[in-house]
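The block underneath contains the structure these notes are about, expressed in structure tokens.
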Amino acid sequence: MVNTLSHLGIGFLIALALGLKGRKVNIVAFLSILPDLDFIPYSVFISVSSSLTHETRIQLFYLFGHREFMHSILFIFLVMLLIWVKSKDWILTFGGFQAILSHVYLDYITTWKMRPFYPFSTDASIMGAAYFYDPLLNLLPLLPLSIVILRGLKKRGIINGKFNNFCSFVKRSDDKLYASLILVLLVWIIFMPVSKALLINHISGVEEAQISYQNTYPESMSRFLTAYSFNSTHYKVLKVSYLSGTERSGYVEKISVNGDIPDAPAYIERAEKLYSAGVPQEIDYPVYVVSEDNDSVIVTLTDARNPYAENWAYFKSVYNFIFDKDSGEYHVYASVQGGREEKLGENWFG
């Protein structure tokens with residue numbers, strides 16, 4: 001997840017490298033942040049979601065959810081087709097394609113699942129090879145953004161006489177400068193997924209288990225959090241590093257029952273079915289804790305990696321399914337990262 005200013009800086013970098021001028025530069029820069037404007041339809045969706053049927057809510061989530069349709073290959077194609085039809089300018093179209101594709105790809109290699117092939121597939125996936133505070137990806141694109149800002153200020157006479165040496169240097173070597181910046185970014189975004197693959201392969205060999213590439217998440221520039229099913233009752237959670245391999249590991253029980261609850265397996269199965277019928281499906285390694293409270297049975301669903309996630313991570317969620325033992329009715333409450341618990345509508349689960 002690269003910050004918005006850095007996405008914008010990459011858009012300007014692409015436009016400048018292609019030699020675009022004036023309004024065309026702004027168009028390409030705008031396209032580099034266009035996917036994140038999905039927060040507008042997503043806000044509308046959130047405001048009306050409680051009144052929708054389960055099926056309608058699911059489909060509208062795929063269309064309007066953050067990092068959903070507007071981060072898909074089909075959306076990129078439709079935007080590029082529109083630009084070509086309106087402009088008939090292949091350089092502008094190519095620049096726009098690079099800008100919007102760079103945004104989607106950079107989000108894809110960081111830390112949040114997406115559905116890049118929707119509507120052809122609703123399977124969520126992620127590469128998770130780059131830490132979302134990666135200094136290179138977040139800071140290097142600020143240079144072309146700074147160049148554009150300085151040029152604008154100089155043109156308006158606001159910084160007249162200042163930064164002359166820097167502006168002269170950029171003007172003399174702009175082609176080489178922009179090409180060098182693009183090359184550095186390309187090498188880095190190719191190197192990171194490959195290096196992660198080598199690390200996962202090494203850890204899989206050491207553990208003699210199949211470690212999921214997709215479900216291994218960066219916690220820093222060099223460390224990842226991962227897990228796998230150790231046996232029928234436990235997961236093994238690992239913190240791994242490029243430098244030292246496995247740095248920390250522990251076991252998490254898949255199912256625990258507090259007290260004598262004879263129907264605990266049935267309640268777990270029901271909670272599992274309810275959760276699997278909803279979106280966004282952020283939990284990869286489900287952990288169930290069953291307890292009683294007067295006339296209710298509570299099934300708490302979390303991810304095995306939650307206790308090991310030191311920094312914010314999207315899977316650090318808690319769902320509480322509360323079943324009335326007499327009527328069979330249920331309510332579901334959810335919280336993320338220890339935040340306020342929110343009651344979810346029944347249309348989440350059908």
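The values are calculated or read from the model by the stated rules, or taken from the named source; none is laboratory data. What you are looking at is a predicted structure, and each value in this text was computed from that prediction instead of being measured. Counting neighbours? That spans all protein chains shown, and the Cβs are built from the backbone with ideal geometry, glycine included. These accessible areas exclude ligands, DNA and RNA; they are computed on the full protein's heavy atoms, side chains included. Shrake-Rupley method; radii C 1.70, N 1.55, O 1.52, S 1.80 Å.
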Can you tell me which residue is nearest to Thr111 (Cα to Cα) among those in segment 277-290 that are open to solvent by 30 Å² or more (accessible area, probe 1.4 Å) and at pLDDT 90 or above?
Asp284
Which pairs have Cβ atoms under 7 Å, sit 6 or more apart or on different chains, and link a residue in segment 320-343 that is under 17 Å from Arg270 (Cβ atoms) and among the aromatic types (Phe, Trp, Tyr) to one that is open to solvent by 60 Å² or more (accessible area, probe 1.4 Å) and modelled with pLDDT under 95?
Tyr333/Glu341; Tyr333/Glu342; Tyr333/Lys343
Take the residues in segment 302-350 that are in a strand (DSSP E or B) and open to solvent by 40 Å² or more (accessible area, probe 1.4 Å), then tell me which one is modelled with the lowest pLDDT.
Val336
Can you pull out the residues in segment 83-100 that are in contact (Cβ under 8 Å) with a residue 24 or more places away in the chain and outside any helix (DSSP H, G or I)?
Asp89
Looking at (1) more than 20 Å from the chain's Cα centre (by Cα); (2) under 29 Å from Ile46 (Cα atoms); (3) β-branched (Val, Ile, Thr); (4) assigned to a loop (DSSP other than H, G, I, E, B), can you tell me which one Val299 breaks?
(4)
Specify the residue that is surrounded by the fewest Cβ atoms within 10 Å (Cβ to Cβ); the eligible residues are those in segment 27-82 that are acidic (Asp, Glu) and either over 16 Å from the mean Cα position of the chain (by Cα) or part of a helix (DSSP H, G or I) (or both).
Glu55
Among the residues in segment 88-110, are any in contact with a Phe, Trp or Tyr (Cβ under 6 Å, 6 or more places away or on another chain) and open to solvent by 40 Å² or more (accessible area, probe 1.4 Å)?
no
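Let's see how each residue does on (1) surrounded by 12 or more Cβ atoms within 10 Å (Cβ to Cβ); (2) modelled with pLDDT of 95 or more; (3) not hydrophobic (A, V, I, L, M, F, W, C):
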site	(1), (2), (3)
Gly157	no, no, yes
Arg172	no, no, yes
Leu177	yes, no, no
Val194	no, yes, no
Ser204	yes, yes, yes
Given (1) open to solvent by less than 20 Å² (accessible area, probe 1.4 Å); (2) in contact (Cβ under 8 Å) with a residue 60 or more places away in the chain, identify the lone condition not met by Val297.
(2)
Which residue pairs have Cβ atoms closer than 8 Å, lie 6 or more positions apart in sequence or on different chains, and pair a first residue in segment 221-233 that is open to solvent by 10 Å² or more (accessible area, probe 1.4 Å) and modelled with pLDDT of 95 or more with a second residue that is part of a loop (DSSP other than H, G, I, E, B) and of a type in the set (S, T, N, Q)?
Tyr228/Gln210; Tyr228/Ser212
Looking only at segment 234-253, count how many residues are open to solvent by less than 20 Å² (accessible area, probe 1.4 Å) and part of a loop (DSSP other than H, G, I, E, B).
0
